[in-house]
Amino acid sequence: MTRSKALNKASDIVPNKTRNKISAPKILIIYKSSTGFTKRYAELLAKRLGCALADFKNIRPAFLSGYDIIIFGTRAHAGSIDGLKKLRTILKAYNRRRPVPCASVRDTSGMAHPLCAIFVTGAVPAAEKDTIEHLWQNNLTEKELSRLPHFYLPAGLCYERMCFTDRMMMKGLAFMLKRKRGKTVRDIGLEKQISCSFDISSEEYLEPLISLFSQLK
Ligand SMILES: Cc1cc2nc3c(=O)[nH]c(=O)nc-3n(C[C@H](O)[C@H](O)[C@H](O)COP(=O)(O)O)c2cc1C
């Protein structure tokens, strides 16, 4: 599990002072999954946290109003975070609708913000910390990097379930690597790795997410 410097302790998550009676925050996990890795992680997480789960396809801002914390799970896709733009739009509308957030993240000035977290699955192993850090730096804004808890979960590749476009993209990458001159050790490793389906996912990668959110209950 890798994550860059952001909120990582339950003490970073504070109940909003404007609420007198604090009940356990209601958590919703939204997942966007194409070949099943993210869905599987989302289901495991929902089971461990005992919270609600929804497919990204069915999400509308109104649907979110009953929840205090939103966890978004998606995949890394050609260096991007799949669905992030749409998620930002949904959350913006959601934040406008919410009268009082029950659990929130405190920023450096002590101000409280509605809580949301993101996890991203990918084919990159956990040991490739620089690549994972690049994923965050290239996709999240400065604000998100410091305020949004973000987690990378190693998953794998599943050619059997991949859509045509994705298969073509992988074929293109494989072709490029095959033709490349002066391959680095990493290129050779990547070429071998993407030649067939593999699964490096493990429930243990969910532990940092579980410890962050289970303490709120
Ligand atoms: C076209 C394509 C591009 C991908 N790009 C990346 C990437 O940039 N980084 C990464 O770690 N994994 C990448 N992957 C692997 C997926 O992120 C990984 O298989 C993910 O777990 C799929 O999630 P899903 O099964 O929920 O759809 C890519 C896969 C495909 C098919």
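The values are calculated or read from the model by the stated rules, or taken from the named source; none is laboratory data. A quick note: this is a predicted structure, and the numbers were derived from the prediction, not measured. Cβ sites come from the backbone with ideal geometry, for glycine too, and all protein chains shown count toward neighbours.
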- request: For A117, state whether it is under 30 Å from Y94 (Cα atoms), surrounded by 15 or more Cβ atoms within 10 Å (Cβ to Cβ) and either at pLDDT 95 or above or more than 9 Å from the ligand (Cβ to nearest atom) (or both).
  value: yes
- prompt: Among strands (runs of 3 or more DSSP E) lying entirely in segment 1-79, which contain 3 or more residues that are modelled with pLDDT of 85 or more?
  reply: 27-31, 52-55, 69-77
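Look at V100 and say whether it is modelled with pLDDT under 95 and crowded, with 20+ Cβ neighbours inside 10 Å.
No.
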- request: Can you give me the number of residues within segment 116-138 that are touching a residue at least 60 places away in the same chain (Cβ under 8 Å) and either over 23 Å from Y67 (Cα atoms) or not assigned by TED's automatic domain parsing to the domain that holds K92 (or both)?
  value: 9
- request: Looking for whichever is within 27 Å of E207 (Cβ to Cβ) and among the charged types (D, E, K, R) here; the options are E191, E160, E133, E142. Which one fits?
  value: E133
query: Quick check, is L177 at pLDDT 95 or above, in contact with a helix residue (DSSP H, G or I) (Cβ under 8 Å, 6 or more places away or on another chain) and in the same structural domain as A126 (by TED's automatic domain parsing)?
result: no
